[in-house]
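Shown next, in structure tokens, is the structure this report addresses.
Read the figures in this text as sums done on the coordinates, not as results from a lab. Computed from a predicted model, the values in this text were never measured in an experiment. When we count neighbours, we look across all protein chains shown, and the Cβ atoms used for this are built from the backbone with ideal geometry, even at glycine.
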């Protein structure tokens, strides 16, 4: 094609666009995220899967605001009687299909999640003995034992339209339930949320439209349509933002690209934080880091300040905050009296002197970083620069995520040090720490430290079974103190997920601390977006 | 090949300007790769180091081709990546040529049943687009430079099997082979001593061109994240990493891309020149 | 039986055999390489009981030949298994992403012919002079440059710097795709009469198709030149010259047609390169096709999806070659009867 031809195309296209702008006054919000986007709310667990689930579906409770861990949503009230939780449902919740939400839908949704056994089902597995619907507006959960994090976990139980799902079930392993509508829900929805699916292709994009019958109502300023695109290159996102073809980026852009965008006048930054920590897992089952003194030596040799500087976007915005342990500031169980971690070479040398591995050859450690997250390589190099002069011998290896998740299932093949971002699935610290540090749980990427510590185990069980909030708070503070002593990880910094947005919109739940929610991922509520006036 | 024949080919090659350009480029690249430790401005930048003061610097002295996102000299890393590329090419050809030629010669010389079976086997390999086969093998393996070589080898041998099969079939009818058969020479003797020497020029020419193409395929694999892993410098993954920072940090992707183009073109020019020289000599 | 039909049948049988071979090969690679497919499929959070159950359900505890037989039996029912990457049946994924890839490959193949053939003819007609040298140098560059390098460089120049074409994707962010009838965006837009979408879709096709076609264009130009040069050496061209025909007429009439046969054959082979390079080009341009899906499932070690993708692509390759064979047989009656291939 010649230059003049394409210019002609450009003119025609421009004319066409101008025409469309006058013809439609509806607003569209366009953003990108990592591929694939999972539309089935019982399967998606990553950021984009959670965002879709939270916008298309509703749960009995949602994360709280202003310090409350949870707040009423579909359930207006609840009663706790020992291990029995009784919820009263709103009468006015309508599904996208037009069906009214009843208690039977809640029972169905719970069964579906557990039958599929994916997504967030591990939050409930083995914890719930029975779910019943005595009447259309009452749901009763009978737990199989005391499980204090239960209310927080309910935030992650999306309610599906049982009639719609069963009307679209396909053949499957269960004779009665078929495939539980899995084929259907991979591209359609059966929710009550403020937005419903128009089209969904997991590798490329999801188109959503505002649901007029939303039970809480949706402000006029909220976008009429939402378009999420998946797996775009950082360079593409940068260009789409610069040319006004996209409204908000994902948080996965490298700091360099984010910096270029942040310098623009038509861009503002948004952020999401509250439970995510950048963990540098230390393998406690393999020499030399099976010696706690060697681990503590590394803990104090790590240059926390420089690590934060590396993820600097502007003079005031970093993709991290200083941490003092595995629980983020403001989250349940956070202990403000503990000092933030900082580099202290005197302490590092003291601990190293106590370590039973004496020569650098004995103190050989391999550091793994995840190749999908290029900025992690810098942290690996920083560790090398910090640890080698102290008397360690580090080797650095990039590793694709799938390979990493396989290697860490076994302590022998787990790297001595590995870099992973982890955030809590619910507003309760149990959802972060139990899977990570209980020796009862099978080894996964969350538990690459393979910690076996009786005190930690005991505190984790206490935290689950204690129902008194003040006592629980105390238990988690003790747990954090103990984890600081046994050092299963370097708690490098608290994660701050930064997004760049055009000034075409505002989203207070991701920019104003007074409007934030108690769990990450919930703040990206499309219904709370305020599009600029047209 | 007799010395006299080699000299004639050399004379023919010298009269071929494109071939000579290829030869010079190949010589320069190979020497630069071998002596990368000596000539690279920052030899330690080939490994896991970072210079946080010089991250993402545009091309200017002392970093002639700029630095990457962790402050390493791009020129140094390209030179070391050339070394890895050439190593891969040598290893892949050292594995595939003997296997492919062996199978091809056997199939070409032996009876119709063996030849049919062996050639259908190569058909299976050749009917998966080459890059797809290598990629899918990598899909089951842990990504690394070594596994990348294995995957590329698995897709490469059938071409040599095909080539030497056709050559052997042609040579089989020649008088000298028939003569050797008449005096009762064994199959190994006929294949290795009689037929193979006459196939060597064609195989050697193909190898020269293939160095470039092995490098191309290996770079394609690592571009997709299926080859050498960081911190090993690798041309394909350098292009892939750099593409994230377009257009602001264009040097991160443009220079490794040009480096691939240069090395593959150089071996192509040399290979074509050799082929023409051989044809002219014949 | 008519000879053409017999050729078709024998090629068809050979293709099916080869495809069966491909499935065995891929199956063996997937099973021989260490790693537990059930454990990989269920992900790190699965319990040992779940892993055992899946292993039994998928016959992974059975001997290899039984496993293969079960796999083929399920394939026969159109069941490619489930992708752990997308959580959907592999078949759904393949149906979703195949049209975009076919569209891209078709346009690339078209470019290959439309640009490669004339370049080759030009080069042959003016052999030894400036146009010839230019075409040969360009062809060498086209072939010696990996498709992803073409992609990145075309993107940098035409999308980022000159801003003539979109950077990536299949359709601009402000356009709504027409209702899917065939799944092919260009065709669907035409059917719906939505010219804005059609225009935008075509604009999005230009750079990826060009990047994909580059090697093929170079290859085609080279071959056209080589076969035409050969034909030029034959007596009937000498004769045409002796009769005083114009050079242009000789090139178009007499030298081009006989030269077309080997070129067509090679076009068939180049389809292999197109299918392979599509993996790179779709990744560069964020093209929502089956190859980008293939890259993702390979990176995620998604065994069923890898098998499915490779089988479909190999089948596509065989079909394309079959079509080219028939085309050649039809163009050139002399080789219609030559059913046996070495």
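When DSSP beta bridges are restricted to pairs lying wholly in the protein assembly as shown, around 80% turn out antiparallel.
Between rounded, prolate and oblate, where does chain A land on the alpha carbon gyration tensor, with a ≥ b ≥ c its root eigenvalues, rounded for a/c under 1.5, else prolate if a/b exceeds b/c? Oblate is the answer for chain A, as a/c is 1.5 or above yet b/c matches or exceeds a/b. Averaging Cα coordinates gives a centre for region B:130-184 and one for region A:64-113; these two points are 65 Å apart.
If the chain linking residue A:458 and residue A:309 were pulled fully straight, counting 0.36 nm for each residue of separation and taking away their Cα-Cα distance, it would gain 49.9 nm. Note: relative contact order over chain C, using C-alpha pairs below 8 Å and six or more positions apart, is 27 percent. If R0 is taken as 35 Å, the Cβ-Cβ distance between residue A:163 and residue A:71 corresponds to a FRET efficiency of 0.80. For the segment C:173-180, counting C-beta atoms of other chains within 10 Å of every residue's C-beta and taking the mean gives 5.
Take the alpha carbon atoms of region C:146-181, find their center, do the same for region B:185-231, and report the distance between the two centers in whole angstrom. So the two Cα centres are separated by 36 Å. Springs between Cα atoms under 10 Å define the GNM used for chain C, and in it the highest mean-square fluctuation of C:155, C:246, C:170 occurs at C:246.
With the cut-off at under 13 Å, measuring from each backbone N in region B:186-206 to a point 7 Å along the Cα-to-Cβ line of residue B:114 picks out B:186-192. Modelled spin labels at residue C:161 and residue C:102, positioned 7 Å past Cα toward Cβ, are 3.8 nm from each other. Note on chain C: with a GNM built from Cα contacts shorter than 10 Å, the maximum mean-square fluctuation among C:216, C:120, C:78 falls on C:78. Of all the options B:224, B:262, B:196, the one that moves most in a Gaussian network model of chain B with Cα springs shorter than 10 angstrom is B:224.
Legend: Rg and Dmax of the protein assembly as shown, from Cα coordinates, 32.1, 108 Å.
Counting only DSSP H runs of at least 4 residues, each contributing -39500 (n - 2.57), and dividing by the residue count of the protein assembly as shown, the helix-based mean residue ellipticity at 222 nm comes to -17000 deg cm²/dmol.
Could you tell me whether region A:149-200 comes out rounded, prolate or oblate from its Cα gyration tensor? Rule is a ≥ b ≥ c as square roots of the eigenvalues, rounded for a/c under 1.5, then prolate if a/b exceeds b/c, otherwise oblate. Oblate, because a/c is 1.5 or more while a/b does not exceed b/c.
For the peptide B:235-247, the mean number of other protein chain Cβ atoms found within 10 angstrom of a residue's Cβ is 6.
Taking every alpha-carbon pair under 8 Å whose residues sit at least 6 apart, region A:281-382 reaches a relative contact order of 33 percent. Each distinct pair of alpha carbons in region A:61-165 adds a 1/r term; the inverse of their mean, the Kirkwood radius, is 14.1 Å. At a threshold of 8 angstrom on Cα-Cα distance, excluding pairs fewer than six apart, so keeping six or more, what relative contact order does chain B reach in percent? 28 percent.
For the pair region A:169-215 / region A:427-496, the C-alpha centres are spaced 35 Å from each other.
In this calculation the C-beta distance from residue A:347 to residue B:146 is compared with R0 = 45 Å, giving a FRET efficiency of 0.65. From the square roots a ≥ b ≥ c of the eigenvalues of the alpha-carbon gyration tensor of region A:273-495, which class results: rounded (a/c under 1.5), prolate (a/b over b/c), or oblate? Because its axes are fairly even, with a/c under 1.5, region A:273-495 counts as rounded. Across peptide C:304-314, the mean count of Cβ atoms from other chains lying within 10 Å of each residue's own Cβ comes to 3.
Modelled label positions at residue C:32 and residue B:183, each set 7 Å beyond Cα in the direction of Cβ, lie 4.1 nm from each other. Please give the FRET efficiency for residue B:53 paired with residue C:202, using the beta carbon to beta carbon distance and R0 = 56 Å, rounded to the nearest 0.05. Rounded to the nearest 0.05, the efficiency is 0.75.
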